[in-house]
1. Can you find a residue in segment 309-316 that is farther than 18 Å from residue 202 by Cα and either in contact (Cβ under 8 Å) with a residue 24 or more places away in the chain or hydroxyl-bearing (Ser, Thr, Tyr) (or both)?
2. Any idea which residue in segment 117-133 is surrounded by the most Cβ atoms within 10 Å (Cβ to Cβ), counting only those that are out of contact with any strand residue (DSSP E or B) (no Cβ under 6 Å at 6 or more places or on another chain) and under 22 Å from residue 49 (Cα atoms)?
3. Which condition from (1) surrounded by 17 or more Cβ atoms within 10 Å (Cβ to Cβ); (2) closer than 25 Å to residue 87 by Cβ; (3) in contact with a Lys or Arg (Cβ under 9 Å, 6 or more places away or on another chain); (4) touching a residue at least 40 places away in the same chain (Cβ under 8 Å) is the one that residue 179 breaks?
4. Suppose we filter 270, 244 for residues that are touching a residue at least 60 places away in the same chain (Cβ under 8 Å), of a type in the set (Gly, Ala, Ser) and within 25 Å of residue 194 (Cβ to Cβ); which single one remains?
5. For segment 14-128, give me every one of the helices (runs of 4 or more DSSP H) that falls completely inside it and has 2 or more residues that are at pLDDT 95 or above and under 21 Å from the mean Cα position of the chain (by Cα).
6. Could you say which residue among 288, 293, 261, 269 is hydroxyl-bearing (Ser, Thr, Tyr), farther than 25 Å from residue 183 by Cα and in the same structural domain as residue 176 (by TED's automatic domain parsing)?
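The values are calculated or read from the model by the stated rules, or taken from the named source; none is laboratory data. These numbers come from a predicted model, not from an experiment. Please note: Cβ atoms are built from the backbone with ideal geometry, for glycine as well, and neighbour counts cover all protein chains shown.
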Amino acid sequence: MKNLVRSLSLATAALTTMGVGFAQDEPAREAPKAIYDTSADARVLLDAAQKLARRDGKRVLVMFGGNWCGWCHRLHGLFESNAGVRKLLRDEYELVLVDIGKWDKHMDLAAAYGADLRKHGVPFLTVLDETGKALANQDTSSLEDGDAHDPAKVLGFLDAQKAPMRVAEDVLRAAQTEAEKSDRRLLVHFGAPWCGWCHRLEDFLAVPEIAAAIAKDYVDVKIDEDRMQGGKDCEARIRKGRKGGIPWILIAEHDLTELATSDGPKGNTGYPAKDHEIEHFIGMLTATRRQLTDEDLALIRRTLEQNAQAIEAASAKARAEREAKTKAKQAEAEAAPVTPRR
């Protein structure tokens, strides 16, 4: 019966002029929440995802669908709720949700990737490399088990399509070669996918104005201690037993002669978010710069200070929300009627 309903649903996908959309065997109904940005240009989203994938050696996972699609919500729910799937997506993919409207948006994009949405329905998964080349297309009906998606099947698909692991020492040597040829120094930072402060540092260094300034004097290279073969060994060799968390930053000559590190008076500054951390990071750049101007340093400092204010504001808001929830629970408990004992 399920296959019959699916076949009928997919057959009616051709009736786009009626403005009706169907997702596999899911009956038409209002979605509980919006997971697709219906106003977004998918090509802009994909371009941004591909840049991140190139930087981090990941794949791009495209999920075609729509907010009206119940199975899309189920699969997206699995992405968020299953720990194994969530970790694999976080570590190995940049996820892009592409809205197809009522079978009348981004259909040309899907066709260019070889994704036959009308035949297979949605959600439909496409894996791209960092250049935007389609590597795999997946009909998600084969990933289902009953009225849900099978986590093991989803994990199997994602694991099979993830990018090959890069070798940390190879990545570092390539950066050293580039630094020597361009007469620049190295800015090496060590991190991991689970490290929120590492992502803050990477995002900061990727801001176009900041990246352009840093590139005047440094070759920026990230060594991922979890996602690169030998990443932790590489970190241990260069860090030379010094303790502290990540991200950890080294500025060095192309031959790894150490010039400055993020080890400040109060320990590893990591991502510079406090006044003394920002001061130390600016000091690292000031002591090792060649082409960086005072204006560049002022821009870097100003951006870090603005980010620090935003981080503190977000933290304060989160604290206030937690306190409000705690007070609400206490008030609810105090207002609850007391059942007399017999």
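1. Scanning segment 309-316, I find at least one residue that is farther than 18 Å from residue 202 by Cα and either in contact (Cβ under 8 Å) with a residue 24 or more places away in the chain or hydroxyl-bearing (Ser, Thr, Tyr) (or both), so the answer is yes.
2. 130
3. Looking at each condition in turn, residue 179 falls short on (2).
4. Answer to the selection: 270.
5. Result: 42-56, 70-81, 83-92.
6. Within the list 288, 293, 261, 269, the selection yields 269.
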